[in-house]
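Here the structure is laid out as structure tokens; the discussion comes afterwards.
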Amino acid sequence: MTNRDPDGLRLPIRIDTTSNGEFEPVALDQHNAAANDLAQQWASENARRKGLRRRDFMVSACGAASTLLAVNHANAMASKTGASFDVPVDAALDDAAAIEALGGDEFIFDIQGHYVNPTGAWLSKIPDSARPLSGMPNSCVTAAGRKDREYLKCLRSEEFIKDVFLDSDTDMMVLSFVPSAREAEPLTIEEADETRRIVDAMEGDNRLMLHGRVNPNQEGDLEDMDRLAGEFPIAAWKTYTQWGPDGDGFFLTDDVGEAFIAKAKALNINNIAIHKGLSFGSKSFEHSLCTDVGEAAKRHPDINFILYHSGLDIPTKEAAFTPGNGKDRGMDVLCQSLIDANVAPNSNVYAELGSTWRFLMRDLDQAAHALGKLIQYCGEDNVLWGTDSIWYGSPQDQIQAFRTFQISSEFQERYGYASMTKDLKAKIFGLNSTKPYGISLDEVKKRASRDALSQRKHAYLEHPDPSFTTHGPKTRREFLNFKALGG
């Protein structure tokens with residue numbers, strides 16, 4: 001008997017209000033609620049038809065297929081026809097058909113993962129009465145309760161490893177950081193490196209890579225880049241242009257940004273991962289936009305600019321882009337910036353999908369416009385996979401949804417969007433990221449096929465026990481509490 005959702009009440013494809021803590025949760029539209037209700041109904045009916053307990057049906061490929069089919073139905077009823085999940089109807093009951101539609105052997109490299117140290121020094125910086133991250137329930141949190149912060153053990157590295165490497169098809173991940181003052185980091189580089197070492201100890205070599213967090217407008221951060229580069233295997237620098245110790249951000253093209261880029265070059269770590277989109281408020285909204293990206297990329301062709309969130313501006317809705325009319329909000333600003341600077345597709349600007357794809361799963365017309373534009377203007381070789389997990393729990397539902405995502409022929413013809421072929425998705429899932437992150441795919445696949453983590457996963461899959469929960473804030477109150485704690 002499972003300890004995680006024993007009655008199978010949770011859907012395997014999760015379309016809900018969960019945020020990563022960097023934007024206020026957005027209420028579901030009526031068609032989203034209808035899709036979830038229909039998926040619950042079909043799950044009961046299909047489990048009964050297959051003679052299975054609901055939980056056993058939910059953890060099967062048929063359970064995920066049934067949910068995606070319900071989403072398709074609800075979108076069609078709402079006249080949202082720009083894209084759909086390409087799942088055959090018989091996949092709801094036929095295991096082979098479901099596995100064919102939702103399974104895959106792609107190399108999946110998630111370049112935006114997060115982990116919070118549940119015993120870190122950051123806890124000493126908040127009141128004893130505070131219960132950080134308790135609004136991110138999973139079954140472990142619920143069982144532990146909130147007394148004396150015992151529940152934080154539920155966010156330890158073992159849970160992170162289970163969510164990412166056992167309950168999903170993820171092969172590799174880059175462990176990233178959230179913006180914070182130096183003394184209040186929820187995860188320090190030392191703690192992140194220890195998590196990397198835990199995975200390596202299981203012979204999962206190169207399963208986790210590390211960012212080096214730099215806020216160049218914060219005293220001491222530029223100087224500390226020497227230490228980070230000297231002591232840790234930094235794969236890229238992570239920065240937030242809309243963050244600053246006093247609430248003021250910076251531009252990649254101003255003196256602060258140029259000093260940061262120059263330091264990265266001097267240390268010969270030429271990947272700069274920049275949080276663009278998901279603005280932190282009106283004070284620094286302008287710094288969250290991608291207006292500076294094209295010019296920075298033009299000035300520094302030897303730097304890879306990896307745009308985390310791809311400039312998505314929630315709750316602005318993505319629509320078709322018209323060149324010359326993209327200077328206000330959202331991904332259109334990125335497209336226009338590249339055009340203005342004559343930065344060609346597949347150059348040195350990369351668009352990453354962490355939180356972006358997860359949010360777009362609720363509105364497939366928006367998803368079609370967003371993916372279509374990114375592929376067209378950044379290039380089919382420069383759109384990169386990321387999920388922003390652990391905030392969304394295991395990334396498996398995002399993977400299954402993306403495997404089946406298809407832009408409609410109508411939108412392809414009208415807007416010139418690419419067909420989401422299997423080869424294109426394989427590029428986005430991982431092959432594209434091997435270039436900026438310097439990964440030899442042949443070497444990684446050889447190790448992944450024989451390392452102890454793979455063996456552990458094969459054993460686990462004999463009796464899988466996914467939680468189907470998300471950990472990020474789901475309501476405005478949870479969001480404000482999270483922000484108040486420096487999340």
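Derivation of every value follows stated rules applied to the coordinates shown; laboratory data play no part. Fair warning: this is a prediction, and the values are worked out from it, not measured in the lab. FYI the Cβ positions are ideal-geometry reconstructions off the backbone, even for glycines, and counts take in every protein chain you see.
Grab the beta carbon distance between A259 and S440, set R0 = 35 Å, and tell me the FRET efficiency rounded to 0.05.
Details: r = 33 Å, r/R0 = 0.94.
In this case the efficiency is close to 0.60.
Lys and Arg at +1, Asp and Glu at -1: add these up for the other residues within a Cβ distance under 12 Å of R403 and post the number. Could you put the intermediate results ahead of the total?
Numbers: positive: K422, K425; negative: D86, E100, D105, E106, D169, D397.
Counting the neighbours of R403, the net charge comes to -4.
Order by neighbour count: D221, D110, fewest other Cβ atoms within 10 Å first, most last. The partial results should precede the final answer.
Values: D221 19, D110 28.
In increasing order of surrounding Cβ atoms, one gets D221, D110.
Using alpha carbon centroids, what distance separates region 305-320 and region 27-44, in Å?
Cα centroid to Cα centroid, the span is 26 Å.
Which residues' amide hydrogens lie under 5 Å from the amide hydrogen of L312, considering only partners 5 or more residues apart or on another chain, with H built in the peptide plane?
Residues meeting the amide H criterion: L278.
Evaluate the distance, in nm, between pseudo-label points positioned 7 Å from the Cα of L28 and of D328 along their respective Cα→Cβ axes.
Distance between the two pseudo-spin positions: 3.0 nm.
Kindly write out, for region 63-80 in residue order, the coupling ³J(HN,Hα) from the Karplus curve 6.51 cos²θ - 1.76 cosθ + 1.60 (θ = phi - 60°), rounded to whole Hz, with x marking Gly and Pro.
Ordered by residue, 3J(HN,Hα) equals x, 5, 4, 4, 5, 5, 5, 5, 4, 4, 4, 5, 5, 5, 5, 8, 6, 9 Hz.
Of R4, R48, how do they rank once you tally other Cβ atoms within 10 Å and put the fewest first? Before the final figure, lay out each step's value.
On the way: R4 17, R48 12.
Fewest-to-most ranking of R4, R48: R48, R4.
What is the sum of charges around P466, taking Lys and Arg as +1, Asp and Glu as -1, for the other residues whose C-beta is under 13 Å from the C-beta of P466? If you can, show how the numbers build up before the last one.
On the way: positive: R4, R10, R14, R55, K162, K457; negative: D5, D56, E159, D163, D167, D169, D397, D465.
Neighbourhood net charge equals -2.
Count charges around S79 for me, please; just the other residues with Cβ under 13 Å from its Cβ, Lys/Arg as +1, Asp/Glu as -1.
On the way: positive: K80; negative: D29, D363, D365, E410.
Charge balance near S79 sits at -3.
In what order do I339, I439, I407 fall by count of nearby beta-carbon atoms within 10 Å, going from fewest to most?
I339, I439, I407
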